Each structure stands twice: as C-alpha cells, then as structure tokens.
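Trainee: My questions will all concern the structure given below.
The values are calculated or read from the model by the stated rules, or taken from the named source; none is laboratory data. As the structure is a computational prediction, the values presented were derived from the model and not from experiment. Glycine also receives a Cβ, built like all others from the backbone with ideal geometry; neighbour counts cover every protein chain displayed.
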Amino acid sequence: MRRLNLNRIRGLQYIVRMNFLAHAYLSFEHPEVLTGNMISDFVKGRKKYDYPPAILAGINLHRAIDAFTDDHPVTKAARNVFKPVYGLYSTAFMDIVYDHFLGKELARNGEESFQAFTKNVYRQLDAFLPVFPEAFRNMYPYMKKQDWLYNYQFIWGMNNSFEGLARRAAYISDSRPAARLFEENYAALERWYGEFFPSLKSFSLETFHKVLEEAKI
C-alpha cells in the first residue's frame, strides 16, 4: 500500500483535506471503516494504533486513497488549474472538485437515494462519537446539520468548502481565486473527474478488502 509522501507535499500535513464525500462513499457501507476514513486527517502519527482494528483499517484506507489520488496522472494534470495561485495546496482543492462531481453523479442516479446515503453516513458516524478526535468531534455537528456531503454537488456548497479549506490552511486565506478558477475550468475539470474516478473506485475497493484482511476482520 502506498503512503502519502508528507515530505513531498509538506503544506498539506497541517490542514484537513475537505473531500469527505469521496471518503464516505469509498468506505463501502462499513461503519467502522467509514469512521476511520472520515477521522483520518485528525489522527496524527502513531495515534492511529489507539483505535480498534476496523477503524484503523479505515484510517489506512483513507491514506491509501489520498496517495493514489495525489500520484495519479489525471490529478497531476488537473491540479495545474489551481497550482499557479495555490502551489502545493492545489492538491487539496482538487479533492474538493472531485467531491463536487461525485455529488453530481450520485444526484443524477437519484436524489432520494443520494439523500438516503448521506443520512445513513451520519447515522453510522453517530454511533462512534465517543472515539472521534476532538477536532473532528467539534466539526462534525456542522457537517451533519449543514449536510456537507449532499451539498458538494452545488456551486454554493463548493464555495463553502473552498472557504473552509482556506480557513484551515497555514499559508492561504483567500478562496475566491479558487472559486473563479473552478468555474472558468468547469468543463475540463468534469472531464478529468470522469477519467479519474472509476480507477479510484476500483483501487479503493481492492484496498478496502486488503486492509480488512490485514486487520483480520
């Protein structure tokens, strides 16, 4: 399993990457894996070994997904949209872009089923509130109340996510250029999503089974 190279993308180790929809979707309806996948950015270093095996499997799945995404040639091409303004943070902006197009895809497949999916994610996560890291526990009520997962599909939801990323980033403060670049390059970004996401889903399903096997679950 490949790991995220923190030395190569140093700027990302101090922020929370905001693509929660993809990580929820790629947990394949396993509650403990979902929990680990969603809290991973808030669990530093060897702290991940404080969690039960199935949640640890989710943390490892999350990090494998990030590494696969960052290293993929489509992502490397697509993030050049944001790179002139945001440098290394362009990877984190692309995470959010992928969530937008995933949200649109899920909505096209059925609004009611998409809403049922997001509600089920929150229901499953609610059962694990006691094990949430403090920072995620503080953020989670806003995610649930405002239904971030469902609202990635909307432009205004994207703008909110861009703003949230800028607030959490150490070296950027203005998300307005990201919103402008997103809209100006919308068609190209959607095409890149279509080229990339099927390979991510296949990789994630294979890795999902692998981390569960390694955890002896």
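Trainee: Just one of (1) of a type outside the set (D, E, K, R); (2) surrounded by 17 or more Cβ atoms within 10 Å (Cβ to Cβ); (3) modelled with pLDDT under 95 trips up Gly110, so point out which.
Mentor: (2)
Trainee: In addition: Kindly list the number of the only condition in (1) at pLDDT 95 or above; (2) within 20 Å of Phe93 (Cβ to Cβ); (3) over 16 Å from the mean Cα position of the chain (by Cα); (4) not aromatic (Phe, Trp, Tyr) that fails for Ile172.
Mentor: Only one criterion in (1) at pLDDT 95 or above; (2) within 20 Å of Phe93 (Cβ to Cβ); (3) over 16 Å from the mean Cα position of the chain (by Cα); (4) not aromatic (Phe, Trp, Tyr) is unmet by Ile172, namely (1).
Trainee: Just give me the residues in the stretch 51-79 being among the basic types (Lys, Arg) and within 16 Å of the chain's Cα centre (by Cα), in sequence order. Write out each step before concluding.
Mentor: First, the residues of the stretch 51-79 that are among the basic types (Lys, Arg): 63, 76, 79.
Of everything in the stretch 51-79, those that are among the basic types (Lys, Arg) and within 16 Å of the chain's Cα centre (by Cα) turn out to be Arg63, Arg79.
Trainee: Quick one: which residue in Thr75, Thr118 is at pLDDT 95 or above, closer than 16 Å to Phe20 by Cβ and in a helix (DSSP H, G or I)? Spell out how you get there, then give the answer.
Mentor: Details: Thr75 fails: closer than 16 Å to Phe20 by Cβ.
Testing whether each residue is at pLDDT 95 or above, closer than 16 Å to Phe20 by Cβ and in a helix (DSSP H, G or I) leaves just Thr118.
Trainee: What pairs come out if I take residues in the stretch 86-108 that are within 11 Å of Thr75 (Cα to Cα) and among the aliphatic types (A, V, I, L, M) and pair them with residues that are modelled with pLDDT under 95 and not in a helix (DSSP H, G or I) whose C-beta lies under 6 Å away, six or more apart or interchain?
Mentor: Ala92/Arg17
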